[in-house]
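The values are calculated or read from the model by the stated rules, or taken from the named source; none is laboratory data. Everything numeric here is computed off the predicted structure, so don't read it as measured data. In this analysis, Cβ positions are derived from the backbone assuming ideal geometry, glycine residues included, and neighbour counts consider all displayed protein chains. What goes into the accessible areas is simple: the full protein's heavy atoms, side chains included, and nothing from ligands, DNA or RNA. Shrake-Rupley method; radii C 1.70, N 1.55, O 1.52, S 1.80 Å.
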Amino acid sequence: MIETEILVIGGGVAGLLAATKATDEKLEVTVIDKGSGASYQSSGVIDVMGCPLGEATLKPIEGIAQVIECSPSHPYSVISSERNVTNVIKDAIRYLTSMASNRGVEFKGEIERNVVLLNTIGSFKLTCFYQSTMDRGVLHKLEGASLLVTGFKGLVGFNARFCSSSFKHFASKFNIELRKTSSTELSLPSLREFNLTIIELARMMDEDDFRKDLAKKLETEIAVNDVSHVALPTLGLKKPYENMRIFEEETGTSVFELVSPPPSVPAQRLMEALEEEAIERGVRIFRGYKAVGFEGEGRSIKSVTLASGEKRFPAKAKAYILATGKFIGGGIVEERDKVKETVFNLPLYDEKGEPLKRQNISRLLAKSPFPREGHPLMGCGVKVNAQMKPVVNDEVAYDNLFAAGSIISGYNYVREKSGMGVAAVTGYIAGMNAATHVEGG
Amino acid sequence: MSSMRRKELEHIDKVLAEEKIVVFSPYEDEIYSEIEKCQNCSLCLTFCPVFEATGEFYPGPRGIADELSRDVREFWRASSIVYMCTLCGRCQERCPVNVPIPEVVMLLRSKIFVQRPDLVPEGLKVLLENVSRYGYIFEPMNPEEREESLRGRLERIGLPLRGDPPLRSGLVAYFPGCQAETRLLEVKEAGKLVLEAFDVDYGIPEKWKCCGLPVRLIGDSAMADELQRSFLEEMERMNVTDVVVTCAGCASELKSATKRLGSGIRVRHLVELLFEEVGVETISRKARVSDKVKVTLHEPCHLSRHIGRYTIDYAEEILRALPNVDYVGMRGADECCGAGGLLKFHNPFVSATIRNKKLEKISRSGAEVVVAPCPLCSVNISEGAARKRVSVGVDDLAVFLARRIYSE
Ligand SMILES: Cc1cc2nc3c(=O)[nH]c(=O)nc-3n(C[C@H](O)[C@H](O)[C@H](O)COP(=O)(O)OP(=O)(O)OC[C@H]3O[C@@H](n4cnc5c(N)ncnc54)[C@H](O)[C@@H]3O)c2cc1C
Ligand code: SF4
Ligand code: SF4
């Protein structure tokens, strides 16, 4: 029933970027998604290369070079055989951040350096591009700061006192001296004092009255504490910049938002922005369809089978982009002793580019769930060539099939801190190449 | 079995019955164990309309999973939560591990209904009495009043009044549903006219009753089962193979009843029948050219998530096929209108808060008319629009179609 020029399976960061990029060529692009995946669970900041070969670095470009030298099957290495990988990552991220910016979500950062951001669990996150609500809290900008970590009574999963002492400790590890850290736990009349989630708090922040009350409270706190910077667990869902500006004006301090694990408000903002911008630029998005199989003829995909309720029907396109993610997205599932790719049943490869053999899997699964080098299964996926076409035994699997994002093998984003960077650049290239494929007939 | 053992078991059964304890069925065990998949990521909270509307006392889908994972046997603790859920199904759709929250909610309601009837919201008990008394979830108007109201309504929209063609053996059965029979009367008439216009050989079952959905939503699954069993048996007796429904809720409920009871009868919503049997070309050809109008679609939860997303695409294709209908998309089209799960009947305040959010999205779409393939959603949205003075037309899809297709 769906007929389109390009069908993208999966609407995470990789899929949305690929789809939007393909519409630049005035093609008809359709995204189908069964629900949601890792992109919604991310922290809403863009990692490019945080820990190449397991060691943290503040210089992503050097990290990328290291990876290209040592891991030939890494997506960055694969891309580098045809393009200047740093430039294309830059282009891809500029594309992603300008999509977000058109919908009011602003990013900061540069590919030349990683930054350290503080998070709501009292630890830190190494990343490259971050939302500008987090800008004042970039660790190297906090030298000499007096930081007030603001908690809320009843807010689940955030302990301001613990964070404030922990931040001091982490800062010193990065040779940053925080002049002072302090914490407070606010209780506001309109806030419930138990079981409060960060989503509710974010929604409250967007309400004028609440924001006014909060600004006043902060002002009193600051008067006693000699504060230069205020860290908040969230700055709001819809109006974070407005909120930030108002708090800064009222308190005369620098205000920022902490990074947070799921449910991450910045990630919701980012994903909503990308989806809206994709639609604005002509992408059709259908949520609620699950791809469950395909029809192929030789080296060409004829259609993808979609499931909806009891119905199964084909979706036809000239080119297909597989952007179904890994275990969280559902692009790869684990069934007893087997892992498999769910739509095209493509063979899987491991981080080193070797075929993932069945007997390997039990060995991999038997390993400790948190090995230092990262869980080996997180590096598995489909293997692609520099055009992002899946390959099997070094041969292109289908002429009109492309892949993007964490369905691709050869890297482990959990260990490496490269998730959205790889999703963006592979999505960008897959979108471009799928468009070229369609235009070339 | 020794007589000692039998006696023992009888005693246990007796005690359980006295204490109103219902042992979990294997199906219940299976559904409850699905809850353990919840990884507490809280993603669902962003998509739950009730959580957004209340926050305060509704902990959202994650909260339901959370509450139960402590001790499923103390399910009744969750009573204040489970009756608030609109069963929109967004949480399950967005949940990365597909925790079946709506199914869990339905199971809990049925357990509460049996074991702790005191916890069933009062506003819902009235509805149940209506079904026992009249066969419909709402008290019907008296016949003269109904006829007068119906005439007025039809005159206003320029549609004729026809009698109900009786269901004869082998015909397609048209099931109008309580809302169209007792409240939004023109939907039933419009449904008839549309079927007639496309030469569908249909009849209306004699003495049909509530499809059972609201009854099941209240928690009385025994009564719901009985209503559905007897309806489907009657249809089988009449050699009916196809049932067509204009209400999204009835359609999804009767569909799942056929599955549950292993019936071979095919239940379809009007949009399914039109798309699959008539085809959009025919619809387009048959439709009159009316004034240009900008239209958007509200996606009933019972179509998009309970039956399947494809029904929404059918509805959209049908609207697009009508001459001079300028179809515009709506952000948030798949969000619940607030009437789901019977929330409206025991917590009108929260229900209206959700509806107001929906109205904002409708306004933002820029459409002059919002079409809903469901009389329940249509009534709810148009009440909200009137109350909030939102200047948008609200039409049930059957009515919208009939007005463009019917000709003398
Ligand atoms: C907790 C967590 C935090 C993270 N934080 C960060 C961070 O801060 N910065 C960063 O850069 N990276 C982060 N990452 C990594 C990053 O989120 C992922 O690498 C990236 O989002 C992957 O994007 P994707 O589009 O490839 O996959 P996904 O976002 O998983 O998207 C795949 C989509 O495909 C859909 N899908 C799957 N199968 C089917 C099917 N059969 N039919 C239809 N649809 C289907 C899914 O519903 C899903 O929406 C984090 C990851 C996790 C788990
Ligand atoms: S989205 Fe699913 S896994 Fe996450 S908290 Fe909700 S029910 Fe649990
Ligand atoms: S079904 Fe809808 S209302 Fe109920 S918990 Fe899920 S998202 Fe909330």
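If a residue must be open to solvent by 40 Å² or more (accessible area, probe 1.4 Å) and either among the aliphatic types (A, V, I, L, M) or more than 20 Å from A:ALA92 (Cα to Cα) (or both), how many such residues does region A:399-439 contain? First the steps, then the outcome.
First pass over region A:399-439, keeping only residues open to solvent by 40 Å² or more (accessible area, probe 1.4 Å): A:399, A:413-415, A:417, A:432, A:436-437, A:439.
Then drop every residue that is not either among the aliphatic types (A, V, I, L, M) or more than 20 Å from A:ALA92 (Cα to Cα) (or both), which leaves A:399, A:414-415, A:432, A:439.
The number of residues fulfilling the criteria is 5.
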Could you count how many residues in region A:26-41 are assigned to a loop (DSSP other than H, G, I, E, B) and more than 11 Å from chain B (Cβ to nearest Cβ)?
3
Which condition number in (1) in contact (Cβ under 8 Å) with a residue 40 or more places away in the chain; (2) touching a Leu at 6+ places or on another chain (Cβ under 7 Å); (3) away from chain B (no Cβ under 14 Å) is the one that A:LYS59 fails?
(2)
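Out of region A:237-252, which residues are touching a residue at least 60 places away in the same chain (Cβ under 8 Å) and either surrounded by fewer than 18 Cβ atoms within 10 Å (Cβ to Cβ) or not aliphatic (A, V, I, L, M) (or both)? Walk me through how you get there before you give the answer.
Step one: filter region A:237-252 for residues touching a residue at least 60 places away in the same chain (Cβ under 8 Å), giving A:240-241, A:244.
Within region A:237-252, A:PRO240, A:TYR241 meet the criteria.
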Residue hits (region A:81-123; farther than 17 Å from A:THR20 by Cβ, touching a residue at least 60 places away in the same chain (Cβ under 8 Å) and open to solvent by 30 Å² or more (accessible area, probe 1.4 Å)) are A:SER81, A:GLU82, A:ARG83, A:GLU106, A:GLY109, A:ILE121
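Name the helices (runs of 4 or more DSSP H) wholly inside region B:42-135 in which the number of residues that are away from ligand 2 (no atom under 14 Å from the Cβ) and more than 26 Å from B:ALA180 (Cα to Cα) is 1 or more.
On the way: elements: B:49-54, B:60-70, B:79-82, B:90-94, B:101-115, B:122-134.
Those helices (runs of 4 or more DSSP H) span B:49-54, B:60-70, B:79-82, B:101-115.
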Residue list for region A:133-157, restricted to those being open to solvent by less than 20 Å² (accessible area, probe 1.4 Å) and within 24 Å of the chain's Cα centre (by Cα):
A:THR133, A:MET134, A:ASP135, A:GLY137, A:VAL138, A:LEU139
I'd like to verify a number: residues in region B:293-331 that are within 16 Å of ligand 1 (Cβ to nearest atom), open to solvent by less than 30 Å² (accessible area, probe 1.4 Å) and more than 24 Å from A:GLU280 (Cα to Cα), how many?
1
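For every residue, the table says whether it meets (1) open to solvent by less than 30 Å² (accessible area, probe 1.4 Å); (2) within 16 Å of ligand 1 (Cβ to nearest atom); (3) more than 24 Å from A:TYR40 (Cα to Cα).
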| site | (1), (2), (3) |
| --- | --- |
| B:CYS41 | yes, yes, no |
| B:THR46 | yes, yes, no |
| B:THR54 | yes, no, no |
| B:GLY60 | yes, no, no |
| B:ILE64 | yes, no, no |
| B:SER80 | no, no, yes |
| B:LEU87 | yes, no, no |
| B:ILE101 | yes, no, no |
What single numbered condition from (1) charged (D, E, K, R); (2) within 16 Å of ligand 3 (Cβ to nearest atom); (3) under 30 Å from B:PRO176 (Cβ atoms) fails to hold for B:GLU34?
(3)
Yes/no for B:ARG109 being within 14 Å of chain A (Cβ to nearest Cβ) and within 16 Å of ligand 3 (Cβ to nearest atom)
no
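Got at least one residue in region A:203-212 being touching a Pro at 6+ places or on another chain (Cβ under 7 Å) and within 14 Å of chain B (Cβ to nearest Cβ)? Lay out the reasoning, then the answer.
If we filter region A:203-212 for residues that are touching a Pro at 6+ places or on another chain (Cβ under 7 Å), which is where we start, we get none.
The answer is no, given that none of the residues of region A:203-212 is touching a Pro at 6+ places or on another chain (Cβ under 7 Å) and within 14 Å of chain B (Cβ to nearest Cβ).
Could you tell me how many of the residues in region A:237-267 are within 14 Å of chain B (Cβ to nearest Cβ) and away from ligand 1 (no atom under 13 Å from the Cβ)? Explain how you work it out, then say what you get.
If we filter region A:237-267 for residues that are within 14 Å of chain B (Cβ to nearest Cβ), which is where we start, we get A:237-238, A:260-267.
After this cut, where a residue has to be away from ligand 1 (no atom under 13 Å from the Cβ) as well, the list is A:237-238.
Counting residues in region A:237-267 that are within 14 Å of chain B (Cβ to nearest Cβ) and away from ligand 1 (no atom under 13 Å from the Cβ) gives 2.
Does A:PRO262 count as within 16 Å of ligand 2 (Cβ to nearest atom) and open to solvent by 20 Å² or more (accessible area, probe 1.4 Å)? Full working, then the answer.
Details: within 16 Å of ligand 2 (Cβ to nearest atom): yes; open to solvent by 20 Å² or more (accessible area, probe 1.4 Å): yes.
Answer is yes for this residue.
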Is it the case that region A:271-280 has a residue that's over 29 Å from B:ARG364 (Cβ atoms), among the charged types (D, E, K, R) and more than 11 Å from every other protein chain (Cβ to nearest Cβ)?
no
For region A:173-191, the count of residues that are over 31 Å from the mean Cα position of the chain (by Cα) and in a loop (DSSP other than H, G, I, E, B) equals 5
Can you tell me how many residues in region A:189-230 are over 20 Å from B:PRO59 (Cβ atoms), in contact with a helix residue (DSSP H, G or I) (Cβ under 7 Å, 6 or more places away or on another chain) and surrounded by fewer than 18 Cβ atoms within 10 Å (Cβ to Cβ)?
2
Any hit, region A:218-236, residues being within 14 Å of chain B (Cβ to nearest Cβ), at pLDDT below 95 and part of a helix (DSSP H, G or I):
no
Any hit, region A:2-21, residues being within 14 Å of chain B (Cβ to nearest Cβ), more than 16 Å from ligand 2 (Cβ to nearest atom) and open to solvent by 30 Å² or more (accessible area, probe 1.4 Å):
yes
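With respect to B:VAL289, is the statement that it is open to solvent by 10 Å² or more (accessible area, probe 1.4 Å) and more than 22 Å from B:ARG355 (Cα to Cα) true?
On the way: open to solvent by 10 Å² or more (accessible area, probe 1.4 Å): yes; more than 22 Å from B:ARG355 (Cα to Cα): yes.
Criteria met by B:VAL289.
What are the residues in region A:22-41 that are within 16 Å of ligand 2 (Cβ to nearest atom) and surrounded by 24 or more Cβ atoms within 10 Å (Cβ to Cβ), if any? Write out each step before concluding.
Just the residues of region A:22-41 that are within 16 Å of ligand 2 (Cβ to nearest atom), to begin with: A:33-41.
Passing the criteria: A:ASP33, A:LYS34, A:SER36, A:GLY37, A:ALA38, A:SER39, A:TYR40.
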Going through (1) without any contact (Cβ under 8 Å) to a residue 60 or more places away in the chain; (2) within 14 Å of chain A (Cβ to nearest Cβ); (3) open to solvent by 20 Å² or more (accessible area, probe 1.4 Å); (4) not in a helix (DSSP H, G or I) one by one, B:ASP334 fails only at (1)
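With respect to A:GLU28, determine if the residue is modelled with pLDDT under 95 and in the same structural domain as A:PHE344 (by TED's automatic domain parsing). First the steps, then the outcome.
Details: modelled with pLDDT under 95: no; in the same structural domain as A:PHE344 (by TED's automatic domain parsing): yes.
For A:GLU28, the condition - modelled with pLDDT under 95 and in the same structural domain as A:PHE344 (by TED's automatic domain parsing) - is not met.
Could you list, in sequence order, all residues of region B:1-28 that are within 28 Å of the chain's Cα centre (by Cα) and surrounded by 11 or more Cβ atoms within 10 Å (Cβ to Cβ)? Before you say what the answer is, go through the steps one by one.
So the first thing to find is which residues in region B:1-28 are within 28 Å of the chain's Cα centre (by Cα), and the list is B:22, B:24-28.
Residues satisfying the conditions are B:VAL22, B:PHE24, B:GLU28.
Can B:SER25 be described as more than 11 Å from B:ARG62 (Cβ to Cβ) and of a type in the set (Gly, Ala, Ser)?
Values: more than 11 Å from B:ARG62 (Cβ to Cβ): yes; of a type in the set (Gly, Ala, Ser): yes.
Spelling it out, B:SER25 is indeed more than 11 Å from B:ARG62 (Cβ to Cβ) and of a type in the set (Gly, Ala, Ser).
For region B:220-329, please list each of the strands (runs of 3 or more DSSP E) lying entirely inside it that holds at least 2 residues being more than 14 Å from chain A (Cβ to nearest Cβ).
Details: elements: B:242-245, B:266-269, B:293-297, B:325-327.
Qualifying strands (runs of 3 or more DSSP E): B:242-245, B:293-297, B:325-327.
Can you tell me which residues in region A:291-314 are more than 11 Å from every other protein chain (Cβ to nearest Cβ) and open to solvent by less than 20 Å² (accessible area, probe 1.4 Å)? If you could, list the steps in order and put the result at the bottom.
Taking region A:291-314 and keeping what is more than 11 Å from every other protein chain (Cβ to nearest Cβ), we get A:291-305, A:314.
The answer is A:ALA291, A:GLY293, A:ILE301, A:SER303, A:VAL304.
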